[in-house]
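Enquirer: Mind looking over this structure? Questions follow.
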DNA sequence: GAGATATGTCAATGATGCTGACGTAAATTA
DNA sequence: TAATTTACGTCAGCATCATTGACATATCTC
């Protein structure tokens, strides 16, 4: 009564066109990449979502809610919870827009900058070590590869975003 | 009464040792990388966790529960729910070990292999396109970079895992 | 036979996301 | 000026994926 699965022909037609190693390495690498910050964030009662918000706010002082939503691609309800917590605990500050008073410009406080930098440095350390293993001259190739993985429709926006780090 | 955040000195000491572009590209790339499968999985009532289980079971026929837990690094309670669903819907099959009857050896059914391949091919397509952008000869460098991001304590295990795709 | 091991399961909880609906203030446009 | 749109906030409910802790069962090992 048991349906015998066939273990043999796993790649029916497209032969070995599937780069399984890159797929799996990406999974493992991302898992460990976010693992370091996760452990620290837990001490603050924060999660990965808080890190993302804090990171982008710190990197782009004056960012508006709408811009942040566009970057993170989550709903405003999802953002609101974590952002509210970051504001209430003094890591992020909101300033009403001078030109457009409907907007809220986000800024990391000194406390927020310190935490953000601490977390980013953990990831930087990991990246630097990995780069050292392949030669730092490969950094641009890796950056272009990662950019190539981004949705084509998003790529231009992201690259513009990266271009102006301030 | 308002604490003025300072936007200027964002990198107090370590200057520009933080590779922000690689940090952010990794985030965006991973987000879109898992986005494709996510949309399809939703049609099946599955989530990302189901994909991960199905993928590794398909790649490693005969995998035991303990081995799978070690790969995914989640608790058995977390695994149990998604695995049970995959078994009940006929994507994965469990076979009691012949030598050690306590073990459950996991196998993807034909149906499971088809779904797994379909999802993996989506990611493969994205990877192939990104590789084409940087030149396919860079694949080994990228693979080594990603391996370098993995926890040193895990790296050997993962690389051994990748080596024998069976 | 005792203890360790592999797995399964119940219950409660938390983090992160979602949809839908509604409200308010401010900007824009007719 | 009046109507509409935009930017943001919030309430309520829900889904997924993860957690911890406790306990049960079958099987293997010593």
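The values are calculated or read from the model by the stated rules, or taken from the named source; none is laboratory data. No experiment lies behind these values; they were computed from the predicted model shown. All Cβ positions, glycine included, derive from the backbone under ideal geometry; neighbour counts span all protein chains shown.
Enquirer: Just to be sure I understand, how many residues within region A:95-107 are loosely packed, with under 15 Cβ neighbours inside 10 Å and within 8 Å of DNA strand D (Cβ to nearest atom)? Give the steps one after another, and end with the answer.
Expert: Kept after step one, since they are loosely packed, with under 15 Cβ neighbours inside 10 Å, are these residues of region A:95-107: A:95-102.
Adding the requirement that they be within 8 Å of DNA strand D (Cβ to nearest atom) leaves A:97, A:100, A:102.
Final tally of qualifying residues: 3.
Enquirer: Something else now. Which of (1) in a helix (DSSP H, G or I); (2) facing chain B (nearest Cβ under 9 Å); (3) free of Cβ contacts under 8 Å to residues at least 24 places away in the same chain is the odd one out, the single condition residue A:93 does not satisfy?
Expert: Exception for residue A:93: condition (1).
Enquirer: Within region A:35-61, track down each residue that is within 12 Å of another protein chain (Cβ to nearest Cβ) and in contact (Cβ under 8 Å) with a residue 40 or more places away in the chain.
Expert: A:36, A:37, A:51, A:55, A:57, A:58, A:59, A:60, A:61
Enquirer: Given the structure, is residue A:79 modelled with pLDDT of 95 or more, more than 14 Å from DNA strand D (Cβ to nearest atom) and either outside any loop (DSSP other than H, G, I, E, B) or under 27 Å from residue A:139 (Cα atoms) (or both)? Step through it out loud before you land on a result.
Expert: Values: modelled with pLDDT of 95 or more: yes; more than 14 Å from DNA strand D (Cβ to nearest atom): no; either outside any loop (DSSP other than H, G, I, E, B) or under 27 Å from residue A:139 (Cα atoms) (or both): yes.
Spelling it out, it is not the case that residue A:79 is modelled with pLDDT of 95 or more, more than 14 Å from DNA strand D (Cβ to nearest atom) and either outside any loop (DSSP other than H, G, I, E, B) or under 27 Å from residue A:139 (Cα atoms) (or both).
Enquirer: Let me ask you something else. Hey, does region A:78-86 have a residue that's at the interface with chain B (Cβ under 9 Å from one of its Cβ atoms) and closer than 22 Å to residue B:26 by Cβ?
Expert: Taking region A:78-86 as the starting set, the residues that turn out to be at the interface with chain B (Cβ under 9 Å from one of its Cβ atoms) are none.
Among the residues of region A:78-86, not one is at the interface with chain B (Cβ under 9 Å from one of its Cβ atoms) and closer than 22 Å to residue B:26 by Cβ, which makes the answer no.
Enquirer: Do you know which of the residues in region A:101-128 that are touching a strand residue (DSSP E or B) at 6+ places or on another chain (Cβ under 9 Å) and in a loop (DSSP other than H, G, I, E, B) is nearest to DNA strand C (Cβ to nearest atom)?
Expert: A:102
Enquirer: Across region A:111-166, what is the total count of residues that are in contact (Cβ under 8 Å) with a residue 40 or more places away in the chain, surrounded by fewer than 18 Cβ atoms within 10 Å (Cβ to Cβ) and at the interface with chain B (Cβ under 7 Å from one of its Cβ atoms)?
Expert: Residues meeting the conditions: 1.
Enquirer: Can you pull out every residue in region A:43-76 that is assigned to a loop (DSSP other than H, G, I, E, B), more than 11 Å from residue A:106 (Cα to Cα) and more than 12 Å from DNA strand D (Cβ to nearest atom)?
Expert: A:45, A:46, A:73
Enquirer: Might you let me know whether region A:131-146 holds any residue that is closer than 30 Å to residue B:124 by Cα and part of a loop (DSSP other than H, G, I, E, B)?
Expert: Yes - at least one qualifying residue is present in region A:131-146.
Enquirer: In this structure, does residue A:32 turn out to be within 14 Å of chain B (Cβ to nearest Cβ), surrounded by fewer than 21 Cβ atoms within 10 Å (Cβ to Cβ), within 10 Å of DNA strand C (Cβ to nearest atom) and farther than 23 Å from residue A:151 by Cβ?
Expert: In short, no.
Enquirer: Let me spell it out: the conditions are (1) closer than 20 Å to residue B:34 by Cα; (2) within 8 Å of DNA strand C (Cβ to nearest atom), and residue A:46 meets all of them except one. Which number is the exception?
Expert: Here residue A:46 clears every test but (1).
Enquirer: A further question on this structure: Output the residue which, of all residues in region A:62-77 that are touching a residue at least 12 places away in the same chain (Cβ under 8 Å) and facing chain B (nearest Cβ under 10 Å), is nearest to DNA strand C (Cβ to nearest atom).
Expert: Among those residues, the one meeting the criterion is A:72.
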